[in-house]
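K.L.:
This is the structure I have questions about; it appears just below.
The values are calculated or read from the model by the stated rules, or taken from the named source; none is laboratory data. Just so it is clear, the model here is predicted, and its values are computed rather than measured. SASA here: full protein model, heavy atoms, side chains in, ligands and nucleic acids out. Shrake-Rupley method; radii C 1.70, N 1.55, O 1.52, S 1.80 Å.
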Amino acid sequence: MESPVPQSDPSPATLTEGFKDSLPIVISYIPVAFAFGLNATRLGFTPVESVFFSCIIYAGASQFVITTMLAAGSSLWVAASVVEFLCQVRQSV
């Protein structure tokens, strides 16, 4: 039986290369983040609350839905449950 030949890593990725490679994705998120911030503040949320939603909910459409539901008077638990259910249904289709 042959023993596997260890493969040498040609060059390990650096942090700078990672930042450079992720730049197109970061740039594409800026318009969505700006739209969400405007929508959330228009619905009465503070900038801190908007950033909080962006940190705990990592799905663009869900952020818009949950802020609209909360602004309409829904409880946090109902809004979070509905958003989670809709995300799961969307992923299963």
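K.L.:
Sorted by accessible area with a 1.4 angstrom probe, largest first, how do 15, 43 fall?
P.N.:
15, 43
K.L.:
While we're here: Given the protein chains as shown and a 1.4 Å probe, how many square angstrom of residue 34 are accessible, to the nearest 10?
P.N.:
Residue 34 has an accessible surface of roughly 140 Å² with all protein chains in place.
K.L.:
Going from the alpha-carbon gyration tensor of the chain, what semi-axes, largest first and in whole Å, does one get by taking the root of 5 times each eigenvalue?
P.N.:
Semi-axes from the Cα gyration tensor: 39, 20, 10 Å.
K.L.:
What number, in percent, do you get for the relative contact order of the chain if the mean sequence gap of Cα pairs under 8 Å and at least 6 apart is divided by its residue count?
P.N.:
18
K.L.:
What ³J(HN,Hα) values, in whole Hz, does the Karplus curve 6.51 cos²θ - 1.76 cosθ + 1.60 give for the stretch 33-42 when θ = phi - 60°, with x put for Gly and Pro?
P.N.:
Taking θ as phi minus 60°, the curve returns 5, 5, 5, 5, x, 5, 5, 5, 5, 5 Hz for the stretch 33-42.
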